[in-house]
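Read through the structure below, which is laid out as structure tokens, and then see the notes.
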Amino acid sequence: RGKLQGTELERVAERLIRDISAGMALSEAMSAHETTFSRCEQTMVRAGEAGGVLDVIAGRIVEGLQDSSFPLPGTAAREDDGARWWRAFGRLLSSGVPILQAFDLLVLEVAGPRFADATQAIRQAILEGSDLASALLPHPGLFPEEVRIAVANGEQRGELDKQGFVIADALAANDLRSLVPAGAET
């Protein structure tokens, strides 16, 4: 406690404790501190509360902060980074955040300008009945064919969240061939 005493983090923690002790949900208490907690974090906590898995969600938030897939409020460098986008996407979905809300959060806090525009178009295509793999087609510069194939496989298996991490790892390693199963065409 000595090092944190008197810091802004300590003041926020004390307010959270006070608000939670007064019966407020953690997500509700966090929303009063938007300069401390990103919307991604707040939304994941809300999903964790609803699903009764707040401990799991806390771990996912820590992982997202450690690998920079989630921004620190007020310090997010918004640049086009496919691996970051897919990692945040996978983390949001795996936390129970609905896909359309995940897209909104990606635009607000994760995506650079080109990814933000594409994400909004993809969201609209999904609202109009498209599957995600098809919605990626008009954006081959950001979502190459290998990524689209991986997404289609994730959608078919019901593992789109897990596939987000696989895609992120392949992009980070510059190894898109690893995304295409043997015998699949690109």
In nanometres, the difference between 0.36 nm per residue of separation and the alpha-carbon distance of ILE99 and GLU34 is 21.2 nm
Where a ≥ b ≥ c are the square roots of the eigenvalues of the C-alpha gyration tensor, would you call region 52-128 rounded, which needs a/c under 1.5, or, failing that, prolate if a/b is larger than b/c, or oblate?
-> oblate
Can you give the angle from 0 to 90° between the axis of helix 160-172 and the longest principal axis of the chain, with both taken from C-alpha atoms, to the nearest 10?
-> 80 degrees
By accessible area with a 1.4 Å probe, ligands and nucleic acids excluded, highest first: order of MET24, MET30 = MET24, MET30
Gain in length, MET24 to SER68, computed as 0.36 nm per residue apart minus the alpha-carbon separation, to one decimal in nm?
-> 12.9 nm
Rough spin-label spacing in nm, given labels placed 7 Å along Cα→Cβ, for VAL53 and LEU127 = 2.8 nm
Nearest 20 debye, what's the magnitude of the dipole of the chain about its Cα centre given +1 on Lys and Arg Cβ and -1 on Asp and Glu Cβ?
-> 380 debye
Whole-percent tail of the Cα-Cα distance distribution for region 118-166, cut at 17 Å, equals 31 percent
When region 34-186 is reduced to its Cα atoms, the Kirkwood hydrodynamic radius in Å = 15.6 Å
So what's the angle, to the nearest 10 degrees on a 0 to 90 scale, between helix 8-21 and the longest Cα principal axis of the chain?
-> 80 degrees
State the answer as a single residue: which of LEU106, ALA125, GLN42 lies farthest towards the positive end of the charge dipole of the chain, with beta carbon charges of +1 for Lys and Arg and -1 for Asp and Glu, about the Cα centre.
-> GLN42
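The values are calculated or read from the model by the stated rules, or taken from the named source; none is laboratory data. Note that the structure is a prediction, hence the values are computed from the model and not measured. So basically every Cβ, Gly included, is an ideal-geometry build from the backbone, and we count neighbours across all protein chains shown. In case anyone asks, the SASA skips ligands and DNA or RNA and just uses the protein heavy atoms, side chains included. Shrake-Rupley method; radii C 1.70, N 1.55, O 1.52, S 1.80 Å.
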